[in-house]
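Read through the structure below, which is laid out as C-alpha cells, and then see the notes.
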C-alpha cells in the first residue's frame, strides 16, 4: 500500500473516531472530553493504534485506565460505526493508547499564565530591550569615532579580494 494512501486512511480514521467517541454513552467515556490525537493503521488494515488524550470535565480527576476500559468495551460499537462510515475492505481492531499531550499542554499553559512567570517574562523583555539599546548605542559610537570610514573601506577591500 502506498504511503500516501496509508496517510489518508489514518487521517480519515482519526476524524471519524473523534466523532464516534463523542457519541459513546458509557459514563467512563462520556463525562470527559476525549480527543483522538492520531491513528496508526497497519499496512494490512487489520489493526489500528488509536492515540487519545483526555481533558477532564468540571475539574474531575482523570483515570486513564478506566477511560481505556470504557473505550475497549465500546470497541464493537466503534468498529461497526467505522465499517459504515469508511469504505475499507477490512475494519481494523483497535488498540487504545493514552497520550498525555493535551493535559501536558494545559499544564504548561497554566504555568505560563501564572503571575510569577508573567513577571519574569516582563523583566526578561525589559532586560533584552535594554541590551539591544546599549548595543545600538555602542555601534553608533563606533561609527562616530571612525570619521574617515576606514573600517568600512577595509571591509570593501576584503570583499574585493574574493570577487576575483
| query | Of the residues in segment 91-112, how many are modelled with pLDDT under 90, out of contact with any helix residue (DSSP H, G or I) (no Cβ under 7 Å at 6 or more places or on another chain) and surrounded by fewer than 15 Cβ atoms within 10 Å (Cβ to Cβ)? | reply | 10
| message | Given (1) crowded, with 17+ Cβ neighbours inside 10 Å; (2) assigned to a helix (DSSP H, G or I), identify the lone condition not met by residue 4. | response | (1)
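Each row is one residue, and each column tells you yes or no for (1) within 17 Å of residue 97 (Cα to Cα); (2) surrounded by 17 or more Cβ atoms within 10 Å (Cβ to Cβ); (3) not assigned by TED's automatic domain parsing to the domain that holds residue 60.
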residue	(1), (2), (3)
12	no, yes, no
15	yes, no, no
20	yes, yes, no
33	yes, no, no
42	yes, no, no
| said: So, in segment 37-84, exactly how many residues are in contact (Cβ under 8 Å) with a residue 60 or more places away in the chain and in a helix (DSSP H, G or I)? | reply: 3
| remark: Filter segment 45-64 for residues that are more than 20 Å from residue 19 (Cβ to Cβ) and modelled with pLDDT of 90 or more; the one that is surrounded by the most Cβ atoms within 10 Å (Cβ to Cβ) is 47
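The values are calculated or read from the model by the stated rules, or taken from the named source; none is laboratory data. As the structure is a prediction and not an experimental result, all values here were calculated from the model. Virtual Cβ from ideal backbone geometry, glycine too; neighbours counted across all protein chains shown.
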